[in-house]
Every structure is written in C-alpha cells, then in structure tokens.
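Chemist: Below you'll find the structure I mean.
The values are calculated or read from the model by the stated rules, or taken from the named source; none is laboratory data. None of these values were measured; they are calculated from a predicted model. Glycine also receives a Cβ, built like all others from the backbone with ideal geometry; neighbour counts cover every protein chain displayed. Just the protein is used for accessible areas: all its heavy atoms, side chains included, with ligands, DNA and RNA removed. Shrake-Rupley method; radii C 1.70, N 1.55, O 1.52, S 1.80 Å.
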Amino acid sequence: MSGHYAEISGLHVYYGNIHALRGIDMYADKGEIVSVVGVNGAGKSTLMWTLAGVLPYKGSIKFDGLPLPARPHETVARGVSLVPERRRLFTAMSVRENLIMGAIRRNDRDEIERDMERCFALYPVLKERLSQRSGTLSGGEQQMLAISRALMSRPRALLLDEPSLGLAPKVTEALFDTISQIRGDGVTVLMVEQNAYETMNVSDRCYVLQAGTIAMSGNSSEIMKDPRVRKAYLGD
Amino acid sequence: MFLQTLVTGLSIGAIYSLMAVGYSLIFSVLSFSNFAHGAVIMLGAYIGLALASKLGLGFALVMSGAGAGVIAMINERVAYAALRRRGAPSLYLMISAMGCSMFLENMVYATIGARFYAFPEFFGSRTVRLWGSSLSLLDLCAFVISVTAVFALHLFITRTRTGIAIRAGVNDMTMCSLMGVNTDRLISVVFFIAGAFAGVAGVFLGVRYLVYPTMGWVTNKAYIAAVIGGLGSLPGAMMGGLILGVLETLVSTYISSVMRDVFSFTALTALLICLPDGLMGAETEDKV
Ligand SMILES: Nc1ncnc2c1ncn2[C@@H]1O[C@H](COP(=O)(O)OP(=O)(O)OP(=O)(O)O)[C@@H](O)[C@H]1O
Ligand SMILES: [Mg+2]
C-alpha cells in the first residue's frame, strides 16, 4: 500500500437491500482539501457518515496507517470529526454547551478555553451569543457553530457535508475562506458540496460521485475543465 | 392540622418525585416508558430492609441507592441494550421492560416470599413542633433528603460535563457519540442514576408503608407525576410529584381516603385534556 494519509479502498455500504456505495476508492494527503460532488442521492452523505464511524461498511478505510473503526466515539478519538448535513446542533443547548460538547473527550481545561477563543476569533458573533440556545441562531450562525464545534475536538481530518447549504453567497464565501484557513493549520478536509463551482475552486482534488461509484477524479482545476462536468454540475 | 397534612403530603410527594425523576430521565434518553422502574424500587426497599436494622437508616439509604443503581444498569445491559442498538421501536423496549418487571417480582416471590415486612421504627412517632402543629420527623426527613437529591441531580445535569453529555444525548444521541462520547457508557450512567433514586424512594416507601414484592406498583404515581410535570423535564417531574402528593393527602384527609386514587387519575386525565404537554413540558423544548 502506498502511504497516503487517508485511504479508502473497495468501500461498500448497504441500507438493508439498498446498495448505496458500490466500491469506492479514494485517498487524501495530509493538509489537502478534497471535494466530492454529485447529484442528490449519489451517496455523498452516506460516504461522510461512514467515514465518521456511524454506518457499518465493507472494504477498508485507513487513516494515518491504521484501519478506522466503525464506532463514532473511537473515530473522533482518532482525530476525525464530522460536520453533518443540516448541522445537527444540540438545538436545546446553549452555544457554549455545544462548544463544550465538541471538546467533551478532552481534559485540558486551559487549552479548551484557548480553542474557544480561537473559534471566536474566526466567528466573533458566537461570542456574543454564548448563552443563547443554539436552535434559535440564524442558519449561517448555526453553520459557524457546527464548524466550531467540530474544531473543538482538534481534528486531524475534518469532514464537511454541504457546509454552504442555505447560506447567502457572501456567507458562503467567508465559509470557504475559513476552510482554507483550517487547512493552513495542517488539517485535512474532505468536503461534500452541491455548490460545485466554489468547491472545486477551493479544493485541491475532486471526486465525482455517481450512483454510489466514483465516476471521475483528479485535480480540481482539471475536473472543472471537463465538458461533462461543466454540463452536469456547473450549469454550462 | 392543615400544616401537618401539608407536610405529610409534601413528604409523600417528594418520594413520588424521586421515582418520577428517574423514570422521566430514562424516558427522555431512550423515549420509552420503563415499566421495570417499579421493580427496581422494590429491590431497593429489600436491600434497605436487609441492612437497616443493623446499620441504621443512613447507611441503608446509601447502599440501597448504590445497589438499585447497579441493578438498573444491569437491567439495561441485559434487556434493553441489544434492542436499542438495533434501533427497535420503543414499543419493544416497553414490552421488554414489562417482562423484566414480572421476572424480578416473581424472583422475589420465589426466593424471599410474599410476606409483608416492616422496617424497624427509626423515628418512632417523634415529632417536631412548629407553629402549634406537630410534624412527623420521618416526613420532614423524607422531604428534605428527596428534595436535596433532586436538586443535586439538577445541578449535576446542568453544570457538569457528564451532565451536559447526558443532555446532548437526549437532544441527539448520534451526534453525541460523534463528539466522542461512548453512548453505551452514558446510558449506563443514566440508568445508574435513575436506579439509585428509585432505591432511595423504595426505602422511604418501605419505612412509611411496608415492603412486599408488588410494592413497586406505586410507580403508577411516578408516571402520573412525570406526566403532570411534562415528560422529560426534571423540574417538571419534581413539581408533578409534590403536587400529586399534596393533593392526594388533602383528598384523603378532608374528603375520603377511598377517593384518593380515583381523584389522582381523574386529575391526571383532566390535566392532560387542558395541558397536553404537562406543566413544564410546553415551554421547555429543553428536555431534562
Ligand atoms: N437511512 C437510509 N435508509 C435507506 N436508504 C437510504 C438511507 N439514507 C440514504 N439512503 C439512500 O442512499 C442513497 C444515497 O443517499 P445519500 O443521503 O448518501 O445521498 P446524498 O448524495 O447525500 O444526497 P443529497 O445531495 O440529497 O444530500 C439514496 O438513494 C438514499 O435514498
Ligand atoms: Mg447528502
């Protein structure tokens, strides 16, 4: 096996009789931003939930040389953190409590406080809303909190499932800026998006997922030039 | 006289609260009605009974709490964990709970027997005089300990990291595990807490009434209390318990003791018609 930081091979996932992922091969190197695009129902979220350890799978997922367990709390312990589709915040709890939950595995109080400050530097609005119930935040604020919550675990790999869903173009732009910034800290990012153009712009490499299989892969800049991709995903 | 009745009512109500809080906590985490809660209360009472005469009430309370907590935890591991992991509908969990309840009661029948046991007299009929009324020391003790315990649980749930994790699990169990929480262990903690409260309630019930295999059926009152307060809300369960205890005692003192249960179930039905979410259920989207 070659030494990629994260390596997925022959990945199959089933929901009962539904064969949702049909033999996926992917890899990511340390500090890369890798994107996955695909139409509704292609299996993008399934891929993300599987990598986060929630769904059982056949095949192999290796992260930093070791197989990734299909148990969510152990996956987090290995440094993989998911921002799921539609955020899934702890809506009944305060912003602060959501951030504490992000760091629930850690015991270094001072460092946790410092990481919280780092999140506020990224998203100052969160600091103003610390004791507000997270379910009452605006969609954009919720997305900021969801990303901050995931960062509080100090992930080595961040999985983002449609982070720009429902956000205004301005906010989306800011979001992609922070994603580049997060990568700058050495975090590997795997990102799923409907928003194909922006995604390919910000990512190093891209996979096109179609009905549970990888239809195309390569450098984002090249994939963007492919006429089939332009037709199907970029609205040409 | 009224003050005396009120204190008796509050003390019975506080015992209902102890039962209701645990029942409600389990309901909010796993969304099913744990019908085995009464059996855990009963077993807690027997543990207390075995220890109380030699070691005193305080020690009996602590050991019953710990023992019933462990029993509830084992109960979850054996009877619920597999169903829960498979994502079975909550009806299955409920039926499994009924089975556990019958199993435990009949185990006690078969091994200890159907005899009624009484706790030794701890306070005799010692009373405290207050504003011209004489209040039972036992009532005061049950009330103070129960309310303190529920308040401590409230602080635990709102202030500690484990408490925050429990509330997060109530909110979204999958996301809670994605934060790095071992949810199997978290659910064990919840069952231990609920069981411990049930054990303490069992001892107080045994001291007040008697200890026998079906004494856990009184948890019907805990279900009512939890629903009055708004299922899933801890402060609600506490309020529900106190209100139910006081109302019942007033009814049996001033109207007739036969009417007591008729009254509680009528009150519950009436309340549900007017306030389907219970007292604290509506505004607190924040369960627990
Ligand atoms: N819990 C489930 N049970 C059964 N089938 C499911 C389940 N979740 C997803 N599927 C199916 O698996 C396939 C892939 O779904 P998935 O959610 O991964 O798609 P997606 O690419 O994320 O789509 P979208 O862009 O709409 O979010 C779909 O055909 C879907 O119907
Ligand atoms: Mg999706």
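Chemist: Which whole-Hz couplings ³J(HN,Hα) result when phi for each residue of segment B:93-105 is put into the Karplus expression 6.51 cos²θ - 1.76 cosθ + 1.60, θ = phi - 60°, listed in order with x for Gly and Pro?
Modeler: Working through the residues one at a time gives 4, 4, 5, 4, 5, 4, x, 4, 4, 5, 4, 5, 4 Hz.
Chemist: Can you tell me the alpha carbon radius of gyration of segment B:1-150 divided by the globular rule-of-thumb value 2.2 N^0.38 Å?
Modeler: 1.22
Chemist: Hey, another quick one. Students often get this wrong: which residues of segment A:148-177 have the backbone nitrogen under 20 Å from the point 7 angstrom along Cα-to-C-beta of residue A:185?
Modeler: A:148-164, A:172-177
Chemist: While we're on this one: Stokes-Einstein diffusion coefficient for segment A:89-154 at 25 °C in a medium of 0.890 mPa s, Rh from the Kirkwood formula over Cα pairs: what value in µm²/s?
Modeler: The Stokes-Einstein estimate is 216 µm²/s.
Chemist: With an 8 Å Cα cut-off and a minimum separation of 6 or more residues, compute the relative contact order for segment A:24-147 in percent.
Modeler: With pairs under 8 Å counted, the relative contact order is 22 percent.
Chemist: Then there is this: Over all directions, the average projected area of the alpha-carbon convex hull for segment B:41-101 comes to how many nm²?
Modeler: Directional mean of the projected Cα hull area for segment B:41-101 stands at 4.2 nm².
Chemist: On a straight-distance basis, which lysines could pair with residue A:44 in a cross-link, Cα separation under 29 angstrom, same-chain partners fewer than 8 positions away excluded?
Modeler: A:30, A:58, A:62, A:170, A:225, A:231
Chemist: Pop the C-beta distance of residue A:117 and residue A:30 into the FRET formula with R0 = 30 Å and round what comes out to the nearest 0.05.
Modeler: 0.70
Chemist: Averaged across B:168-175, how many Cβ atoms of other chains sit within 10 Å of each residue's Cβ atom?
Modeler: Mean shielding by partner chains, rounded to a whole number: 6.
Chemist: Compute the distance in nm between two label points, each set 7 Å from the Cα along the Cα-to-Cβ direction, one at residue B:90 and one at residue A:60.
Modeler: Distance between the two pseudo-spin positions: 4.4 nm.
Chemist: Can you give the net charge of the other residues whose Cβ lies under 13 Å from the Cβ of residue A:222, counting K and R as +1 and D and E as -1?
Modeler: Counting the neighbours of residue A:222, the net charge comes to +2.
Chemist: Modelled label-to-label distance, residue A:226 and residue B:2, 7 Å Cα→beta-carbon offset: nm?
Modeler: Spacing of the two 7 Å Cα→Cβ label points: 8.3 nm.
Chemist: Where a Cα-Cα gap under 13 Å defines reach, which aspartates and glutamates qualify for residue B:221, not counting those fewer than 8 residues away within the same chain?
Modeler: Result set, ordered by chain and number: B:248, B:261.
Chemist: Stretched out fully, how many nm does the piece from residue B:121 to residue B:261 gain, at 0.36 nm a residue minus the Cα gap?
Modeler: 47.7 nm
Chemist: What number, in percent, do you get for the relative contact order of chain A if the mean sequence gap of Cα pairs under 8 Å and at least 6 apart is divided by its residue count?
Modeler: This gives 27 percent for chain A.
Chemist: Among residues other than residue A:59 whose Cβ falls under 14 Å from its Cβ, what is the net charge (Lys/Arg +1, Asp/Glu -1)?
Modeler: Once all neighbours under 14 Å are counted, the net charge is +1.
Chemist: What accessible area per residue comes out for chain B, rounded to a whole number of Å², with a 1.4 Å probe?
Modeler: 43
Chemist: Once neighbouring chains are kept in place and the probe is 1.4 Å, which whole percent of the accessible area of chain B is contributed by carbon and sulfur?
Modeler: Answer for chain B: carbon and sulfur cover 69 percent of the accessible area.
Chemist: Residues in segment A:28-70 near a label at residue A:9, defined as backbone nitrogen under 15 Å from the 7 Å Cα→Cβ point?
Modeler: Flagged as within label range: A:28, A:59-68.
Chemist: Output the relative contact order of chain B, whole-number percent, from Cα pairs under 8 angstrom with separation of 6+ residues.
Modeler: After rounding, I find 37 percent.
Chemist: Considering only protein heavy atoms, what per residue accessible area in square angstrom results for chain A with a 1.4 angstrom probe?
Modeler: Dividing the accessible area of chain A by its residue count gives 44 Å².
Chemist: For the pairing of chain A with chain B, what total accessible surface becomes buried, with a 1.4 angstrom probe, in square angstrom to the nearest 100?
Modeler: Counting protein atoms only, the buried area is about 2100 Å².
Chemist: Can you work out the Karplus-derived ³J(HN,Hα) for every residue in segment B:201-218? Use 6.51 cos²θ - 1.76 cosθ + 1.60 with θ = phi - 60°, whole Hz, and x for glycine or proline.
Modeler: So the Karplus estimates, Gly and Pro as x, are 4, x, 5, 4, 4, x, 5, 6, 10, 9, 10, 7, x, 9, 4, x, 4, 4 Hz.
Chemist: Provide a whole-number value for the mean count of partner chain Cβ atoms within 10 Å of the Cβ atoms in peptide A:75-87.
Modeler: Rounded to a whole number, the mean comes out at 2.
Chemist: Just round it to a whole percent: the fraction of Cα-Cα distances in the protein assembly as shown exceeding 45 Å.
Modeler: 28
Chemist: Here's another thing I want to ask about it. Rounded to the nearest 0.05, what FRET efficiency do residue B:185 and residue B:148 have when you use their Cβ-Cβ distance and R0 = 25 Å?
Modeler: 0.40
Chemist: Roll a 1.4 angstrom probe over the protein heavy atoms and tell me the percent of accessible area of segment A:89-154 that is carbon or sulfur.
Modeler: With neighbouring chains kept in place, the figure for segment A:89-154 is 47 percent.
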